[in-house]
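Reviewing the structure listed below.
Taken together, the values in this text are just the output of simple stated rules run on the coordinates, not laboratory data. The structure displayed is predicted, hence computed values, not measured ones. Quick reminder, even Gly has a Cβ in these numbers, built from the backbone with ideal geometry, and neighbours come from all protein chains shown.
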């Protein structure tokens with residue numbers, strides 16, 4: 001059965017609205033937890049793994065772990081399904097996979113070392 005174009009566009013539009021709402025929830029949580037230098041990178045046309053990558057720093061390992069804990073709690077409170085988290089006990093680099101959005105939380109030195117913004121920014125994969 002073929003879905004009419006208007007229905008496909010409406011479904012696509014509602015999915016994009018949900019992704020944007022999730023992005024806003026993540027950014028709000030990071031701001032409330034006093035995360036530093038948050039960067040939102042659109043992965044549209046670069047990768048099929050997610051729609052957005054969000055990168056932020058904490059001021060210490062303890063702060064990174066606390067930011068991750070607060071964000072995980074907010075995602076659960078908002079019924080975001082299938083969220084996985086790695087690295088929260090060490091607090092150097094925490095990876096949170098929220099499906100359509102991937103969040104990286106770093107200590108500043110670790111963030112600089114890996115340079116994900118350079119890798120995935122405008123000149124990164126799929127970029128100019």
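Step by step: find N for segment 5-120, compute 2.2 N^0.38 Å, then divide the Cα radius of gyration by it. What's the final number? Before the final figure, lay out each step's value.
Numbers: Rg = 14.4 Å, N = 116, 2.2 N^0.38 = 13.4 Å.
Ratio of Rg to 2.2 N^0.38 Å for segment 5-120: 1.08.
Take residue 70 and residue 47, extend 7 Å from each Cα along the Cα→Cβ direction, and tell me the distance between the two endpoints in nm.
About 2.5 nm, to one decimal.
Rounded if a/c is under 1.5, else prolate if a/b is larger than b/c, else oblate: which is segment 46-89, with a ≥ b ≥ c the root eigenvalues of its Cα gyration tensor? Working shown, then result.
Details: a/c = 2.23, a/b = 1.28, b/c = 1.75.
Cα axes put segment 46-89 in the oblate bin.
Taking a ≥ b ≥ c as the square roots of the eigenvalues of the Cα gyration tensor of segment 26-73, is the shape rounded (a/c under 1.5), prolate (a/b larger than b/c) or oblate?
Values: a/c = 2.42, a/b = 2.17, b/c = 1.11.
Verdict is prolate for segment 26-73.
Can you compute the FRET efficiency between residue 20 and residue 110 using 1/(1 + (r/R0)^6), with r the Cβ-Cβ distance and R0 = 22 Å? Round to the nearest 0.05. Mind dumping the intermediate values first?
On the way: r = 28 Å, r/R0 = 1.29.
Efficiency, from the Cβ-Cβ distance: 0.20.
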